[in-house]
Structures are given as structure tokens and as C-alpha cells.
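Student: To start, I am sharing the structure in question, which I have written as C-alpha cells.
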Amino acid sequence: MATQAVTPLQSGALGAPKHVAIIMDGNGRWATKNNVSRSKGHRKGADAVREAIEGAIESGVSYLTLYAFSSENWNRPAEEVSDLMGLLRMYLKKEVRTLSKEGVNLRVIGRREALGKDIQDMIEGAEEKTKNNSRLTLIIALSYGSRDEIVNAAKTIAQSVIDGKQSIDTIDETSVEQALFTHGIPDPDLIIRTSGEQRLSNFLLWQAAYAEFLFLPILWPDFSRLTFASAVEDYLSRDRRFGARS
Ligand code: FPP
């Protein structure tokens, strides 16, 4: 059989990744290693978020998704959940102006209704304030779980069939994509997880179908712009075939 050529559209090796998603892991271990509280570890983790954003902008990435709080994180001790929510409040209050100036469009995915009303209002305000920015779309996953997202999409589609808006025969990958929290956002090209763990932990399961994975041994608070740049370098050296033969 003749060798199938890879079309430019299919090859990720031609340019920087359009969408990088990060599982920010290891704040707790960083805290233990540095003999400080977990709370301090999370604060240092929030500083590393700034590094990731700057790294993404410098690398010409268009979408950056950060897994900040999973549906399962609600099961952590109440004090830690409250700490993380406090940090989120502070982040939204302090960072939105900077994001706005940088041309960043902020979008939140997940069950935002599970968050405090004040946080929901801050998110809405931030999304509104940054909606016309196009340099980088920053997607923060909050109270997010991918299986929950897929169940929610199934319900949305089922309801549209019941309402006569579409028939079962017209359900396809595009209709599923449109019913996900991430509708309109291209699939991640590269998914990075820090802290040495090598699993997806209910993150972007549908969207990760053809993503490249990079598992880094460093703990999230140590993540820097340079780490981002070298992750992109690593991605550029890979050969993406999307199931085709090279
Ligand atoms: C994982 O580390 C990290 C989290 C559960 C929270 C991620 C939050 C941040 C990076 C800071 C806040 C973010 C924003 C956007 C303001 P872990 O606690 O599971 O670490 P461990 O596995 O070493 O215990």
C-alpha cells in the first residue's frame, strides 16, 4: 500500500501547540519538602500560574487550560478547601486587571454553581471584562470533572432530541463537542502534568483523544516560564500522525 502523506493540517510538528493544558500537581509535596504549610504551597502554586501564563504568551500558544480544582477536590479537608477558595478569590481580585492588560481572555469550565456566589460573580465579571481579548484564552477548570462534563453533554443532547431539535441520526462528534463545557475550544495538543504522577485524573477525557502527554518530575510551585518553553520544545520534536501512517 502506498504511504499516506501527512497533510500540514494534521501535523503538529509544524508549529507551536495551539492549546496546552496543565494538571498542576505537587503543591503539597513542595510544602513538605520546604517545611512550610500546605497553604503556603498552594500560594506558591498560584505564583507558578503567572509563570505558565507568561510562558504561554511567549511561546505563542493560543489556549492554556489549567486544572485548578477538580470535582474530587471537594473531598479534601474543609480547611484546605477553604484555603483554596480564598486563594481563588484573591487571584480573581488581583489578576484580572493584569490579564486584561496582557490581552488574555479568561474562561472558566466546570460546575461553577458549586462555588460561592461571590466567586461566581467575580468569574462572570472577569469573563465579561476580558471577552474581547484574543492574545491568549486562559481556561481555568474549577469544580471540573470530565466524566461529569460528558454526562452533562449526554443529558443536553437527549433533551434536544426530546424537544425535537435534532434526531438521533444527527448526533455526531460535533454535537457532542458542542455540548461540552469546552465548546468552541480546540482540543489540547499537549497535556502536561507535574509532580511525576502519570495519570489524567478525570481531566479533558474526550478532548485528550490525540493529545501529546508530558509528565514532568518537578513540583508545580517550581514550574517556570523556562519549563513551559522546554515543554514546547519537547512537543515540537514529536511526530503527530493522528492515526495515519507516516
Ligand atoms: C495539586 O497539588 C494542586 C491543587 C489541588 C490545586 C491547584 C491550585 C493552584 C495551583 C493554586 C491556585 C490556582 C489558581 C488558578 C488561583 P496537591 O495539593 O494535590 O499536591 P500534592 O499531591 O503534592 O499533595
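Quick note: the coordinates plus some simple rules give every number you see, no bench work behind them. Here the structure is a predicted model, which is why all the values come from computation and not from measurement. Note: ideal-geometry Cβ built from the backbone for every residue, glycine included; neighbour counts use all protein chains shown.
Student: Can you give me the number of residues within the stretch 126-143 that are in a helix (DSSP H, G or I) and closer than 19 Å to LYS18 by Cα?
Tutor: 0
Every residue, every condition in (1) under 21 Å from THR182 (Cβ atoms); (2) free of Cβ contacts under 8 Å to residues at least 40 places away in the same chain, yes or no:
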{"residue": "ASP47", "(1), (2)": "no, no"}
{"residue": "PHE69", "(1), (2)": "yes, no"}
{"residue": "GLU80", "(1), (2)": "no, no"}
{"residue": "LYS94", "(1), (2)": "no, yes"}
{"residue": "ASN105", "(1), (2)": "yes, yes"}
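Student: Something else now. Please determine, by comparing only the residues of the stretch 35-87 that are of a type in the set (Ser, Thr, Tyr) and touching a Phe, Trp or Tyr at 6+ places or on another chain (Cβ under 9 Å), which one is farthest from ASP25 (Cα to Cα).
Tutor: SER59
Student: Out of the stretch 57-85, which residues are under 23 Å from ARG199 (Cβ atoms) and within 15 Å of the chain's Cα centre (by Cα)?
Tutor: Passing the criteria: TYR63, LEU64, THR65, LEU66, TYR67, ALA68, PHE69, SER70, SER71.
Student: Also, I was wondering about something else. Pairs under 6 Å by beta carbon, first residue closer than 10 Å to ILE23 by Cβ in the stretch 199-218, partner of a type in the set (Phe, Trp, Tyr), six or more apart or different chains?
Tutor: From residues that are closer than 10 Å to ILE23 by Cβ, the pairs are PHE203/TYR67.
Student: From the list ALA31, ALA56, which one is buried (at least 17 other Cβ atoms within 10 Å of the Cβ), among the hydrophobic types (A, V, I, L, M, F, W, C) and within 13 Å of the ligand (Cβ to nearest atom)?
Tutor: ALA31
Student: If I filter the stretch 151-160 down to residues being aliphatic (A, V, I, L, M) and surrounded by 16 or more Cβ atoms within 10 Å (Cβ to Cβ), which single residue comes out as nearest to ARG107 (Cα to Cα)?
Tutor: Restricting to residues being aliphatic (A, V, I, L, M) and surrounded by 16 or more Cβ atoms within 10 Å (Cβ to Cβ), the top hit is ALA153.
Student: Return the residue satisfying two criteria in turn: it lies in the stretch 88-98 and is under 23 Å from ARG29 (Cα atoms) and surrounded by 13 or more Cβ atoms within 10 Å (Cβ to Cβ), and of such residues it is nearest to the ligand (Cβ to nearest atom).
Tutor: So, considering only residues that are under 23 Å from ARG29 (Cα atoms) and surrounded by 13 or more Cβ atoms within 10 Å (Cβ to Cβ), the one nearest to the ligand (Cβ to nearest atom) is TYR91.
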